[in-house]
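The next block holds one structure in the form of structure tokens; read it before the comments.
The values are calculated or read from the model by the stated rules, or taken from the named source; none is laboratory data. Since the model is a prediction, treat every value here as computed from it, not as a measurement. Don't worry about glycine lacking a Cβ; one is built from the backbone with ideal geometry, like all the others, and counts go over all protein chains shown. Note: accessible area is taken over every heavy atom of the protein model, side chains too, but ligands, DNA and RNA are not part of it. Shrake-Rupley method; radii C 1.70, N 1.55, O 1.52, S 1.80 Å.
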Amino acid sequence: MKTDVLRDKFLDFFKSKRHKIVESASLVPEDDPTVLFTPAGMSQFKRQFLGVTSDFTRAATAQRCLRTDDLDKVGKTPGHHTFFEMLGNFSFGDYFKVEAIEWAWEFLTAELKIDKQRLWVSIYKDDSQTYKIWKDKIKIPDAKIIKLGDKENFWPSEAKNKGPNGPCGPCSEIFFDQGSAVGCKEKDCNPACNCGRFVEVWNLVFTQFNRQERGSLEPLPKKNIDTGMGLERLAAVMQGVYSNFETDLFKPLLKEIEGSAGRSPNTKLSYAIADHIRAIVFAIYDGVLPSNEGRGYIVRKLIRKSALDARALGIKKPFLYSLVPVLSEIMKAPYPELQFRRENISEIILAEEKNFIAILDSCPELINKGLSEIVKKAEDKTLSKDDIKKASIIAFELYDTYGIPWELTKDWSGVHGIKIDKKIFDVELEKQKSRSKAQSTMKGDVFDSKDLHVDLKETKFLGYENYETKAKVIKVIKDGAQVKKITKSDEAKIILDKTVFYAESGGQVGDTGEIVKGKNIFEVLGTKKLGKVIIHIGKMKAGSFKKNDSVSAKIDIKRRLSIARNHTATHLLQAVLRKILGSHVQQQGSLVANDRLRFDFTHFKDISKDELDRIEEVVNSYILNNYSLQTKQMSLLEAKRQGALAFFAEKYAGKVRVVLIGDVSRELCAGAHLNSTGQIGIFKITQEASVASGIRRIEAVTGSFAYKIIKGQENILTDVSSILNVPDEKITQELQKRLTRLRELERQLNSQRLDTIKASLDTLIRDAEDINGMKVITKVIEGLDIDLLRKTMDLIKQNVDDSIIALGSSNQGRAFLVVGITTNLCQKGLDASRLISQVAQLIGGSGGGRKDFAQAGGNKPENFPQAFEKLKDIIRACP
């Protein structure tokens with residue numbers, strides 16, 4: 001049975017059991033700082049598990065998940081993955097153990113027709129209720145019901161003793177027996193054995209307790225069901241294969257990998273690449289770009305690990321990007337949008353691969369830079385145990401930062417007389433794994449509900465049409481707890497039954513304003529959203545408020561209109577970018593504030609000034625055309641059918657709001673907008689730049705903020721015109737004339753300086769200091785730039801042998817240092833780049849270069865004497 005069919009069967013089955021089919025959430029958790037990526041199906045339902053009111057009490061999903069805690073096992077076992085799909089059904093205070101168990105059994109045995117004789121179950125050792133359901137209702141033989149402890153069959157694992165606090169409970173797992181020919185082959189083998197014979201197919205979690213401080217378990221008033229079944233494992237069972245990698249989810253990827261390998265296939269490496277490309281692609285699909293921190297670091301690490309695995313298979317050129325179309329074809333049924341975005345994602349991965357290959361090609365230089373001080377000690381034969389430890393830690397840092405493999409650093413170090421310690425490297429690696437695992441694990445309480453209690457209803461939002469409304473105070477929260485009353489100067493959060501305040505979301509900042517009752521004023525400094533509840537955050541300006549007060553909520557209208565200008569302009573900007581740069585342009589993020597807008601989008605080359613001018617021109621033409629705006633409510637399916645653009649990182653409900661601007665823009669958007677484009681006034685781009693591989697950013701202003709910038713530029717132009725004493729239209733011509741004259745004067749001055757240096761050359765050479773039979777020339781020559789210093793160095797080297805020359809100069813507070821070595825000394829092993837790397841820090845900078853010449857820059861020209869003395873000390877120490 002194909003995986004796409006399995007996924008649909010699961011969702012259809014639970015739809016027939018009156019479950020709401022909820023679309024998979026993003027891999028980037030919403031409002032959940034406890035994890036880097038979505039690790040399980042239940043993650044998007046935390047508020048429902050808390051009891052926050054929603055329009056459903058039963059749900060089922062096929063959730064995309066990403067975990068890195070078992071990264072070292074991926075490819076080596078049949079069932080470990082970084083990216084996987086979790087099938088799950090959930091009950092929020094509705095049904096409990098009996099239905100969860102009966103439906104799981106029905107789906108597996110009746111719907112999928114899995115042989116009952118091949119299914120076993122495990123239960124929590126103290127859960128007699130679950131034992132009776134399996135034994136008496138489902139009629140599973142007692143011998144096939146395995147009782148396990150807190151680590152295996154309580155969720156979260158060992159929560160009773162170790163925490164975290166919050167909802168928890170026993171669980172029951174369903175296993176598929178692959179047969180006695182698999183695993184340890186012992187007669188008494190059962191699911192408690194880790195030999196691989198029994199595949200855990202489904203985990204049913206019965207959330208019935210609330211863990212308190214010191215480990216006490218209190219029964220929950222409403223009990224919940226949280227189940228999880230790995231789609232990849234289920235596919236392996238239904239397709240009759242031992243490994244998940246043998247299913248239709250992976251076969252096309254493996255065929256492509258093994259067909260490109262330059263040597264005999266290595267199954268473990270091929271499996272790891274096939275797994276990682278899924279995680280990489282879907283992370284980028286959900287807006288996570290490769291970087292050196294947070295989620296982006298995980299993506300970069302997976303790309304680099306996969307690139308190294310590909311190299312080990314004999315694939316030396318960029319390759320991973322070519323797997324994106326293969327994966328988009330495999331996943332086109334559940335993720336049709338992936339096919340439209342595959343070129344963008346491929347380009348991002350290709351850019352990252354090229355960057356990493358460049359790093360690998362420059363490994364010797366990077367390793368040399370990291371280990372230069374220790375190399376010097378090795379040459380001097382003064383290496384200590386601490387130096388070896390330091391070198392081994394640096395080897396790990398090179399791996400962690402750049403992806404440089406241990407083997408390359410080890411080989412390079414060996415050539416330079418350093419024997420680094422693999423055990424120390426491995427210790428650092430384990431520390432990093434622990435840090436990564438900690439980021440993938442729940443921290444603190446399972447559900448943080450300090451600010452909110454479980455009986456909150458949706459806040460009615462009236463802010464599209466109104467700027468003020470009468471409302472009732474539902475809750476007052478101070479210092480994380482509900483209070484009866486707040487008074488002047490108290491910082492607090494207020495929840496109303498209805499509001500005109502737009503809560504921060506979709507890139508748009510939250511509204512500010514006031515909540516008023518007579519002379520009692522609460523200043524709203526920001527507005528946030530938790531689920532469907534809008535929270536007004538601020539400070540009591542005068543008087544007091546308490547629960548059930550009737551109040552008037554008023555937003556800052558001037559600020560809201562500025563935000564709306566920027567939001568409508570952002571829609572116009574995206575439409576123009578797609579028109580001028582191409583339909584490949586996709587939103588990657590945005591900020592809509594009152595004073596500016598920022599828009600990140602996919603584009604894989606620099607934007608020329610002509611293109612940028614054209615973009616600004618067309619946006620302003622749309623403003624002048626004064627297109628009217630319309631908003632329509634429709635189904636998500638209908639909106640997509642009509643070609644409405646959607647930001648992939650947002651999760652949309654079944655009914656969506658579509659904003660239409662004339663015939664130029666159609667987008668899914670819940671934000672604040674104007675009535676017509678003419679109200680924007682002016683659109684002015686202030687900055688354009690690259691923010692990541694394949695991602696550009698445009699920043700702009702509108703309305704009065706744009707006018708101020710344009711007026712400021714006009715004033716500058718007037719001042720320049722006055723200083724140059726020419727009309728505005730001749731400023732450029734006059735500046736070019738004066739710059740030409742300035743360059744000629746600089747050329748003449750440099751020529752005179754060089755003549756002066758030539759005249760003093762004999763004195764410079766005569767003043768050289770003899771150290772170990774070598775002439776050492778050091779001199780500070782004020783007022784020279786780096787180019788003149790280089791020319792001076794060349795003049796000296798033409799007239800000396802057996803010499804080391806170091807020249808310094810300061811110019812406008814900058815320090816410039818050059819070191820040169822004559823050819824015969826270079827042949828004896830002296831290296832200018834090594835010398836300068838050891839002294840450059842004294843002038844507040846760094847440097848590098850060739851064996852015969854190196855240069856450095858810094859900000860401490862006053863330290864030239866110390867730098868020269870250290871250089872001489874290094875030369876004296878040379879054998």
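Being modelled with pLDDT of 90 or more and out of contact with any Asp or Glu (no Cβ under 6 Å at 6 or more places or on another chain) is the filter; apply it to segment 776-789 and report the residue that is farthest from Leu825 (Cα to Cα). Walk me through how you get there before you give the answer.
Taking segment 776-789 first, the residues modelled with pLDDT of 90 or more are 776-780.
This time we only want the ones that are out of contact with any Asp or Glu (no Cβ under 6 Å at 6 or more places or on another chain), so: 777-780.
On the way: Ile777: 14, Thr778: 17, Lys779: 20, Val780: 23 Å.
Among those residues, the one meeting the criterion is Val780.
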Quiz item: What number of residues within segment 566-592 satisfy the criterion of being open to solvent by less than 10 Å² (accessible area, probe 1.4 Å) and either without any contact (Cβ under 8 Å) to a residue 24 or more places away in the chain or part of a loop (DSSP other than H, G, I, E, B) (or both)?
Solution: 1
Practice problem: Return yes when Glu769 is among the acidic types (Asp, Glu) and modelled with pLDDT under 90 and no when it is not. | Solution: no
Quiz item: Out of Glu173, Glu218, Glu158, Glu186, which single residue is among the acidic types (Asp, Glu) and touching a residue at least 12 places away in the same chain (Cβ under 8 Å)?
Solution: Glu173
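For segment 800-815, name all the residues that are of a type outside the set (Val, Ile, Thr) and surrounded by fewer than 22 Cβ atoms within 10 Å (Cβ to Cβ).
Scanning segment 800-815 gives Asp801, Asp802, Ser803, Ser810, Asn811, Gln812, Gly813, Arg814.
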Self-check item: Qualifying positions in segment 34-68 - out of contact with any Pro (no Cβ under 9 Å at 6 or more places or on another chain), in contact (Cβ under 8 Å) with a residue 60 or more places away in the chain and open to solvent by 50 Å² or more (accessible area, probe 1.4 Å)
Solution: Arg47, Thr53
Quiz item: What's the number of the condition Asp226 fails, among (1) part of a helix (DSSP H, G or I); (2) in contact with a helix residue (DSSP H, G or I) (Cβ under 9 Å, 6 or more places away or on another chain); (3) of a type in the set (D, E, K, R)?
Solution: (1)
Quiz item: Which residue, of Ser372, Ser384, is over 30 Å from Val281 (Cα atoms), open to solvent by 30 Å² or more (accessible area, probe 1.4 Å), of a type in the set (Ser, Thr, Tyr) and touching a residue at least 60 places away in the same chain (Cβ under 8 Å)?
Solution: Ser372
Practice problem: Evaluate the following for Arg641: is it more than 30 Å from Val281 (Cβ to Cβ) and open to solvent by 20 Å² or more (accessible area, probe 1.4 Å)? | Solution: no
Exercise. Scan segment 659-680 and report the pairs whose first residue is over 14 Å from Leu624 (Cβ atoms) and whose second residue is surrounded by fewer than 19 Cβ atoms within 10 Å (Cβ to Cβ) and β-branched (Val, Ile, Thr), with Cβ atoms within less than 7 Å and a gap of 6+ or a chain change.
Key: Val659/Thr631
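Are any residues in segment 816-852 touching a Pro at 6+ places or on another chain (Cβ under 8 Å) and open to solvent by 30 Å² or more (accessible area, probe 1.4 Å), and if so, which ones? Please lay out each step first, then the result.
Pass one, segment 816-852, residues touching a Pro at 6+ places or on another chain (Cβ under 8 Å): 843.
Passing the criteria: none in range.
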Exercise. Select from segment 76-90 the residues that are outside any loop (DSSP other than H, G, I, E, B) and open to solvent by less than 10 Å² (accessible area, probe 1.4 Å) and write down the one among them that is farthest from Glu232 (Cα to Cα).
Key: Phe90
Quiz item: Which one of the conditions (1) farther than 24 Å from Phe604 by Cα; (2) open to solvent by less than 60 Å² (accessible area, probe 1.4 Å); (3) part of a loop (DSSP other than H, G, I, E, B) does Ala333 fail to meet, given that it meets all the rest?
Solution: (2)
Self-check item: Those residues of segment 485-505 which are of a type outside the set (S, T, N, Q), more than 17 Å from Tyr467 (Cβ to Cβ) and open to solvent by 40 Å² or more (accessible area, probe 1.4 Å), in sequence order
Solution: Lys485, Lys488, Glu491, Lys493, Asp497, Glu504
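For the structure I just gave you, tell me whether Gly215 is on the phi > 0 side of the Ramachandran plot and of a type outside the set (D, E, K, R). Write out each step before concluding.
Working: on the phi > 0 side of the Ramachandran plot: yes; of a type outside the set (D, E, K, R): yes.
For Gly215, the condition - on the phi > 0 side of the Ramachandran plot and of a type outside the set (D, E, K, R) - is met.
From the list Gly703, Gly681, Gly694, exactly one residue is crowded, with 18+ Cβ neighbours inside 10 Å, at positive phi and at pLDDT 95 or above. Which is it?
Working: Gly681 fails: crowded, with 18+ Cβ neighbours inside 10 Å; Gly694 fails: at pLDDT 95 or above.
Checking each option against the conditions leaves just Gly703.
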Quiz prompt | Matching residues, segment 593-618, being assigned to a strand (DSSP E or B), open to solvent by less than 50 Å² (accessible area, probe 1.4 Å) and charged (D, E, K, R) | solution = Asp600
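Yes or no, residue by residue, for (1) in contact with a strand residue (DSSP E or B) (Cβ under 8 Å, 6 or more places away or on another chain); (2) at pLDDT 95 or above:
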residue: Cys65; (1), (2): yes, yes
residue: Asp72; (1), (2): no, no
residue: Met86; (1), (2): yes, yes
residue: Phe90; (1), (2): yes, yes
residue: Phe107; (1), (2): no, yes
residue: Leu112; (1), (2): no, yes
residue: Ile140; (1), (2): yes, yes
residue: Lys144; (1), (2): yes, yes
residue: Phe154; (1), (2): yes, no
Quiz item: In the list Asp94, Asp115, which residue meets the criterion of being acidic (Asp, Glu) and farther than 22 Å from His19 by Cβ?
Solution: Asp115
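Being among the hydrophobic types (A, V, I, L, M, F, W, C) and in contact with a Leu (Cβ under 7 Å, 6 or more places away or on another chain) is the filter here, so list the residues in segment 575-601 that pass it. Before the answer, list the steps.
If we filter segment 575-601 for residues that are among the hydrophobic types (A, V, I, L, M, F, W, C), which is where we start, we get 575-577, 580-581, 585, 591-593, 597, 599, 601.
Val585, Leu591, Leu597, Phe599, Phe601 - these are the residues of segment 575-601 that are among the hydrophobic types (A, V, I, L, M, F, W, C) and in contact with a Leu (Cβ under 7 Å, 6 or more places away or on another chain).
Output the helices (runs of 4 or more DSSP H) that fall wholly within segment 243-319 and possess 1 or more residues being modelled with pLDDT under 95, under 30 Å from Ser590 (Cα atoms) and within 21 Å of the chain's Cα centre (by Cα), or say none. Please lay out each step first, then the result.
Working: elements: 251-260, 267-285, 294-312.
Per the criteria, 267-285, 294-312.
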Self-check item: Residue list for segment 817-846, filter: within 26 Å of Leu366 (Cβ to Cβ) and over 39 Å from the mean Cα position of the chain (by Cα)
Solution: Leu817, Val818, Val819, Gly820, Ile821, Cys826, Gly829, Leu830, Asp831, Ala832, Leu835
Quiz item: Considering Ser322, Ser328, which residue is at pLDDT 95 or above, surrounded by fewer than 20 Cβ atoms within 10 Å (Cβ to Cβ) and part of a helix (DSSP H, G or I)?
Solution: Ser322
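In segment 281-318, how many are β-branched (Val, Ile, Thr), closer than 30 Å to Phe599 by Cβ and free of Cβ contacts under 8 Å to residues at least 60 places away in the same chain? Quick ask: steps written out before the conclusion?
Kept after step one, since they are β-branched (Val, Ile, Thr), are these residues of segment 281-318: 281, 284, 288, 298-299, 303, 315.
Within this subset, residues satisfying the condition of being closer than 30 Å to Phe599 by Cβ are 281, 284, 288, 298-299, 303.
From what is left, the residues that are free of Cβ contacts under 8 Å to residues at least 60 places away in the same chain are 299, 303.
Matching residues across segment 281-318 total 2.
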Quiz item: Do any residues in segment 543-555 that are open to solvent by 40 Å² or more (accessible area, probe 1.4 Å) have Cβ atoms under 8 Å from those of residues that are among the acidic types (Asp, Glu) and in a strand (DSSP E or B), where the two are at least six apart or on different chains, and which pairs are they?
Solution: Lys554/Glu468; Lys554/Glu514
Practice problem: Please identify the pairs in which a residue from segment 850-866 that is part of a helix (DSSP H, G or I) has its Cβ atom under 7 Å from the Cβ atom of a residue that is among the hydrophobic types (A, V, I, L, M, F, W, C) and open to solvent by 20 Å² or more (accessible area, probe 1.4 Å), counting only partners at least 6 apart or on another chain. | Solution: Asn863/Leu842; Phe864/Val780; Gln866/Leu842
